[in-house]
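**Student:** What follows is a single structure, and I will ask about it in a moment.
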Amino acid sequence: MNAKSENLIAQNIDTWIAAHREEIVDALSRLVSIRSVSVRDEEGPYPFGRGCAQALDCALSMARELGMSTRNLDYYCGTATGLGDGKSGSIGIIAHLDIVPEGSGWSFPPFDAQQVDGFLVGRGTDDDKGPAVVALYAVKCMMDLGVEMKHAVKVILGCAEETGMEDVAYYREHDEMPLFTFTPDTSFPVCNGEKGILTADLYSEKLTGNILSVKGGTASNMIPDVCELTLDISGMDIALLQSSEFIRLERDGNRLKVRAEGISGHAAFPEGSENAIRRLAAFVLEHHLLTGNCEQAMQGVLHILYDYYGAGLGIALADVPSGRLTHNGGILSLDADGRMMLNVNIRYPVTAQGKDVVEQMTRHCAGLGFTVDHVSDDAPTYIPSDSAIIQTLTQTCNEVLGTRLAPYVMGGGTYARHLPNAVAFGPGIPGSAKPFPQGHGGAHEPDECVNIDDLLKALKIYVLSLIRLDTLV
């Protein structure tokens, strides 16, 4: 498409969006009303449960109403295709219809979308049903405005992004790969790389001291906000020991329960968090509450959690594209053999190799009395920021938003890491405030919401980007 034709299309996009605003909000509200929490179902016809199946049926029905051709890949995922005939291949947009559980603390009903001060509130509005609807309507906008494309545009709708991305693995086995794909599941401008994600369990020797039980954290990728330890304190004088702001003590005869509280956060973005496991380790060591080799094991834990940037594991790596490695001790427990187990979650730079990270970590941990086991490595993905595609997407985003944003690499994981030649691209706009206090309004939070105007700006960015991508892929 030449510049003159593109400019004419651009002038008409705003008018089209304004005319379809309420239709788009209504479509998103219908999807939000479906509680599509992904639950693996081996018995029935729906691999991720009835809710996800209903959401996929609903979205594919919408797509057909918009004039797109659809395909249901056995309820693992679905596709909606429009525009070009596909002989030159396709450009993909992959979004997910599954959601995290609603949890508690909502001020508004999580599955009955409400408009509040220009925001639509409901589970999935931001992550990722809102972006999925925008992807469908971006194709509809182009069809209505008479855009001619060499490549088809294929919207891929997944049902298990939140629970391991088995859906995209199924897609890769049962359908053709787009030539280029973006996922609307992050913030603008372009996330052109995602760090490697490596998890491992670190085991001490069998404990021979006074630790009776320990439990900290619930998920590898979350910085734990609570850690509890029960000790046998027979023969100890702890009369002067007192609770504090972050430490709670509870004595029952010769047993002492120590509870440490921290500040939770995501393993990929640890700044501002406080790991409760580290706080507990520091407290019990400072007050000499451990006996036998329990003290050595806990010293190892404290060393490992020295910072969030790999120093305690001997892997303080960094590179120019993605910055510093981050690591988190997400779970602390005792295993069936009486060993202390610390699960670590590592986000390593895009230029590093997972096997090298494991080798360095294993050598370092051996010196602390820990062995490394149950390693899982999800390799990084990266497209250089000076590539024509990344530059085009960035420029288009900045033109529409009036910004000077630059491509970035993040520690989080999206569908992009599981598809060839793929990136995460919007629709979040940096600096856009939510109408709720901290802890509410974001993805995975109560009162999850999306700014409707921001979502529609993303629709415009996607239309213009698809037009320009047609000449690049």
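The values are calculated or read from the model by the stated rules, or taken from the named source; none is laboratory data. Just so you know, these numbers come straight off a predicted model, no measurement behind them. Backbone-built Cβ (ideal geometry, glycine too); neighbour counts: all protein chains shown.
**Student:** Any idea which of (1) crowded, with 19+ Cβ neighbours inside 10 Å; (2) outside the structural domain of Leu83 (by TED's automatic domain parsing); (3) small (Gly, Ala, Ser) is the one Ala160 doesn't satisfy?
**Tutor:** Checking Ala160 against (1) crowded, with 19+ Cβ neighbours inside 10 Å; (2) outside the structural domain of Leu83 (by TED's automatic domain parsing); (3) small (Gly, Ala, Ser), the one that fails is (2).
**Student:** Here's a check for you: in the range 365-393, which residue that is touching a strand residue (DSSP E or B) at 6+ places or on another chain (Cβ under 7 Å) and more than 23 Å from Arg324 (Cα to Cα) is surrounded by the most Cβ atoms within 10 Å (Cβ to Cβ)?
**Tutor:** Of the residues in the range 365-393, the ones touching a strand residue (DSSP E or B) at 6+ places or on another chain (Cβ under 7 Å) are 365, 369-383, 385, 389-390.
If we keep only those that are more than 23 Å from Arg324 (Cα to Cα) too, we end up with 369-371, 373-374, 389.
Numbers: Gly369: 16, Phe370: 26, Thr371: 13, Asp373: 11, His374: 11, Ile389: 20.
Residue satisfying both the conditions and the ranking: Phe370.
**Student:** Next question, about the same structure. Out of curiosity, is Ser244 free of Cβ contacts under 8 Å to residues at least 40 places away in the same chain, polar (S, T, N, Q) and either in the same structural domain as Leu368 (by TED's automatic domain parsing) or part of a loop (DSSP other than H, G, I, E, B) (or both)? Even if it seems obvious, please write down each step before you answer.
**Tutor:** Details: free of Cβ contacts under 8 Å to residues at least 40 places away in the same chain: yes; polar (S, T, N, Q): yes; either in the same structural domain as Leu368 (by TED's automatic domain parsing) or part of a loop (DSSP other than H, G, I, E, B) (or both): yes.
Yes; evaluated as a whole, the condition is true for this residue.
**Student:** How many residues are touching a strand residue (DSSP E or B) at 6+ places or on another chain (Cβ under 7 Å) and of a type in the set (Gly, Ala, Ser) if we restrict to the range 234-275?
**Tutor:** Result for the range 234-275: 9.
**Student:** Given (1) touching a Ser or Thr at 6+ places or on another chain (Cβ under 7 Å); (2) outside any loop (DSSP other than H, G, I, E, B), where does Ser333 come up short, assuming only one miss?
**Tutor:** Of the numbered conditions (1) touching a Ser or Thr at 6+ places or on another chain (Cβ under 7 Å); (2) outside any loop (DSSP other than H, G, I, E, B), the odd one out for Ser333 is (1).
**Student:** Being surrounded by 18 or more Cβ atoms within 10 Å (Cβ to Cβ), modelled with pLDDT under 95 and in contact with a Ser or Thr (Cβ under 8 Å, 6 or more places away or on another chain) narrows it down to one residue among Ile99, Ile91; which is it?
**Tutor:** On the way: Ile91 fails: modelled with pLDDT under 95.
It is Ile99.
**Student:** Do you know which of the residues in the range 352-386 that are farther than 30 Å from Glu295 by Cβ and free of Cβ contacts under 8 Å to residues at least 40 places away in the same chain is nearest to the chain's Cα centre (by Cα)?
**Tutor:** The extreme case among them is Gln353.
**Student:** Given the conditions (1) over 30 Å from Gly442 (Cβ atoms); (2) buried (at least 21 other Cβ atoms within 10 Å of the Cβ), which single one is not true for Thr70?
**Tutor:** Against the list (1) over 30 Å from Gly442 (Cβ atoms); (2) buried (at least 21 other Cβ atoms within 10 Å of the Cβ), Thr70 comes up short only on (2).
**Student:** Also: Among the residues of the range 190-210, write down those that are buried (at least 24 other Cβ atoms within 10 Å of the Cβ) and in contact with a Leu (Cβ under 6 Å, 6 or more places away or on another chain).
**Tutor:** Selection gives Val190, Leu202.
**Student:** Right, here's the next one. From the list Asp167, Asp201, Asp225, Asp175, which residue is at pLDDT below 95 and of a type in the set (Asp, Glu)?
**Tutor:** So the residue among Asp167, Asp201, Asp225, Asp175 that is at pLDDT below 95 and of a type in the set (Asp, Glu) is Asp225.
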